[in-house]
Amino acid sequence: QAAMGNRFEARAPMQAVVVRVAAKPGETVAAGAPLVILEAMKMEHVVAAAESGVVKRVLVEAGETVTDGDLLAVLERAESVAESSGGVLAPLDEARQDLAGVKARHAWGLDENRPEAVAKRRKTGQRTARENVADLVDEGTFVEYGALVIAAQRRRRPIAELIERTPADGMVAGIGRVNGARFGADARTQCVVVSYDYTVLAGTQGTMNHLKKDRMFEVAEQRGLPVVLFSEGGGGRPGDTDYDIVAGLDCRAFQYFAELSGHVPLVGVCSGHCFAGNAALLGCCDVVIATKRSNIGMGGPAMIEGGGLGVFAPEEIGPSDTQYRNGVIDVLVYDDVEAVAATKKYLGFFQGKATEWVVADQRLLRTAVPENRLRVYDVRAVIETLADTGSLLELRGGFGAGVITTLGRIEGRPVGIVANNPMHLGGAIDGDAADKASRFMNLCSTFDVPLVFLCDTPGFMVGPDAEETGLVKRAARLFTTGASLDVPFCTIVLRKGYGLGAQSMAGGSFKAPVFTVAWPTGEFGGMGLEGAVKLGFRKELESIADPAERETMFQQMVEKLYQRGKAINMAEHFEIDAVIDPAESRRWILSAIAET
């Protein structure tokens with residue numbers, strides 16, 4: 001538009017056809033008010049007033065063709081006006097009709113508009129899917145994918161009913177930040193969240209929510225984001241009708257999710273019933289956090305009955321105490337609130353260093369192991385004293401009691417701690433303990449969390465009963481896992497360090513860790529002392545006829561080996577790096593993980 005003194009002109013910006021003349025001579029218009037509407041290539045272009053003014057002349061009519069630069073109207077400047085017949089701006093908070101329609105559609109899926117569904121959750125003491133997601137992600141950061149999807153059942157149910165009854169096809173999915181206030185509003189704290197909604201068709205896996213999972217898992221892979229899966233649901237859904245499917249075994253969700261394993265942290269959260277396909281996805285997760293009222297199984301009641309295996313209530317299938325005891329559940333909590341809190345805490349170990357921490361008086365460690373070498377002690381109390389206060393998150397606490405595996409922090413730095421438990425089999429490593437430790441070591445190595453081994457073991461469990469459990473392969477996995485660790489690790493021997501079991505607590509050799517040290521209570525041997533005497537001095541002992549005299553000789557030989565294997569003698573021969581004051585343990589650990 002060109003200005004000429006007190007007047008200015010409006011000209012055509014292109015060759016076009018005049019669709020409508022919006023302003024009339026003598027009319028006062030506001031800046032931005034439409035003057036002439038043009039059409040070019042089937043698109044409308046608005047020629048508007050550059051500033052407030054009075055229309056003096058309009059030189060075109062509807063249907064007329066104009067070329068670039070043709071004069072359309074002449075205006076005379078006027079006092080600035082707030083509005084005119086064609087230039088009224090809507091208030092910013094007022095939704096236009098198209099936006100209002102979208103907002104109304106989204107509203108169908110919100111908890112406040114589904115009081116009956118919310119009431120059912122309250123009866124079972126559970127939160128809704130949206131409540132759990134809102135508690136997990138930082139406020140205002142969640143962007144939802146596929147919120148307007150409905151169940152693929154248009155052939156059997158009216159659209160209006162599907163919109164009302166099957167919002168989001170029973171799955172809340174999107175991206176949000178977790179722990180952003182603590183670890184920063186950047187990529188480290190972004191997370192993909194996928195939550196089945198049990199209030200929609202029992203959280204079953206429908207055609208559309210399968211597609212949503214595919215989409216979210218692809219995004220997680222592309223961007224390297226952790227995934228949190230709220231898994232409650234009844235498995236496959238046979239009632240979808242909109243797509244011709246015979247068996248549906250070509251769906252990609254299980255493949256895509258499994259491919260994420262080892263690349264990004266996968267956290268499964270279960271509250272309530274979780275069967276079949278939902279359970280399969282849950283089992284793919286690195287860590288399963290479940291409430292006490294959860295039931296987890298590879299088949300639900302209908303599948304079990306259909307297979308002729310009996311009739312069972314859902315509560316009889318995979319209850320939480322069973323699944324915690326057998327290692328399916330890593331962290332057992334009371335309710336949804338605790339489950340989300342544990343999820344946040346777990347994700348934090350992969351998000352960075354905490355800037356603030358509190359620690360117990362480390363002098364307490366000096367008396368943590370009794371002077372009586374035969375007296376057991378609580379190694380969990382040792383770990384709690386050693387780590388930053390309140391930082392621990394134990395995994396698989398109900399399974400493999402011979403080993404404790406827990407995430408924690410040392411001066412804010414994340415670490416994984418593997419400790420023998422002398423209160424179970426004297427700290428001997430059985431098959432379950434070996435599996436548990438190997439899995440945990442692999443988890444920490446995969447996601448760059450340094451490892452601290454607290455060794456107090458007489459070795460691997462032995463005997464016919466132990467071998468019935470396949471111990472040979474399970475124990476050997478500790479060595480293969482230890483040899484493949486890609487993170488710094490260190491070993492502190494609290495008391496017993498005997499045989500192959502002790503070596504497995506040090507990556508296969510006492511020279512494999514960044515350091516191997518002992519507390520003053522440390523004792524060592526190539527095998528258990530009693531076994532070493534019986535094996536090495538069998539003929540000498542058998543030559544003693546008197547049982548009492550033989551026992552005396554046996555105990556003397558054991559004592560001699562014990563004195564030889566004391567921590568100071570090991571350090572003198574440089575088979576370990578040092579014998580340390582237990583109160584100095586954190587300083588040693590920090591020396592090993594300082595650059596991580």
Compactness index (Cα Rg / 2.2 N^0.38 Å), region 541-596: 1.90
P(r) over all Cα-Cα pairs of region 230-367, 5 Å bins from 0 to the longest distance, whole percent per bin, short to long, reads 2, 9, 15, 17, 16, 14, 10, 7, 4, 2, 2, 1, 1, 0
Show me, for region 237-250, the HN-Hα J-couplings you get by feeding each phi into the Karplus relation (A = 6.51, B = -1.76, C = 1.60, θ = phi - 60°), rounded to Hz, glycine and proline as x. 10, x, x, 6, 10, 7, 10, 7, 10, 8, 10, x, 7, 9
Using a cut-off of under 19 Å, list every residue of region 465-482 whose amide N is near the label point 7 Å from the Cα of Lys534 along the Cα-to-beta-carbon line. 465-468
For region 350-362, 3J(HN,Hα) per residue [Karplus equation, 6.51 cos²θ - 1.76 cosθ + 1.60, θ = phi - 60°, Hz, x = Gly/Pro]: 10, 10, x, 8, 6, 8, 10, 7, 10, 9, 6, 5, 5
Measure out, as a whole number of angstrom, how far apart the alpha-carbon centroids of region 467-488 and region 271-303 sit. 28
With the cut-off at 29 Å, tell me which of the pairs Lys511/Lys566; Lys103/Lys212; Lys436/Lys534 have Cα atoms farther apart than that. Lys436/Lys534
How many angstrom separate the Cα center of region 94-160 from the Cα center of region 331-382? 38
Local electrostatic count at Val17 - Lys and Arg +1, Asp and Glu -1, tallied over other residues with Cβ under 13 Å: -3
Past the 24 angstrom mark, what percentage of all C-alpha to C-alpha distances in region 180-272 do you count? 27
More than 23 Å apart - percent of Cα-Cα pairs taken over region 116-229: 33
Percent of Cα-Cα pairs more than 23 Å apart in region 437-596, please. 46
Karplus couplings for region 409-423 from phi (6.51 cos²θ - 1.76 cosθ + 1.60, θ = phi - 60°), rounded to Hz, Gly and Pro as x? 9, 10, 6, x, 7, x, 9, x, 10, 10, 9, 5, 10, x, 7
Of the heavy-atom accessible surface of the chain (probe 1.4 angstrom), what whole percent is carbon and sulfur? 54
Need the full-extension length gain, Ala62 to Ala119, defined as separation in residues times 0.36 nm minus the C-alpha distance. One decimal, nm. 14.6 nm
For Val415, list long-range residues whose amide hydrogen, built 1.01 Å from N in the peptide plane, is under 5 Å from its own amide hydrogen. Gly408, Arg409, Ile410
Value of [θ]222 nm, deg cm²/dmol, for the chain, DSSP H segments ≥ 4, -39500 (n - 2.57) each, nearest 500: -9000 deg cm²/dmol
Neighbours of Tyr198 by Cβ distance under 11 Å: Lys/Arg at +1, Asp/Glu at -1, summed charge +1
Placing +1 at every Lys and Arg Cβ and -1 at every Asp and Glu Cβ, with all other atoms neutral, what dipole size does the chain have around its Cα centre, in debye to the nearest 20? 260
Sites Asp244 and Ile163, calculated FRET efficiency, Cβ-Cβ separation with R0 25 Å, nearest 0.05: 0.60
For region 330-442, what's the relative contact order in percent, using C-alpha pairs closer than 8 Å and at least 6 residues apart? 25
Express the relative contact order of the chain as a whole percentage, based on alpha carbon pairs under 8 Å and six or more residues apart in sequence. 7
For Glu27, list long-range residues whose amide hydrogen, built 1.01 Å from N in the peptide plane, is under 5 Å from its own amide hydrogen. Val55
Probe 1.4 Å, accessible area per residue of the chain, Å²: 48
Below 8 Å, C-alpha to C-alpha, sequence gap of six or more: please give me the relative contact order for region 99-185 in percent. 32
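The values are calculated or read from the model by the stated rules, or taken from the named source; none is laboratory data. All values derive from a computational prediction rather than experimental measurement. Every residue, glycine among them, receives a Cβ derived from its backbone with ideal geometry; neighbour counts consider all protein chains shown. Heavy atoms of the whole protein, side chains included, go into the accessibility calculation; ligands, DNA and RNA do not. Shrake-Rupley method; radii C 1.70, N 1.55, O 1.52, S 1.80 Å.
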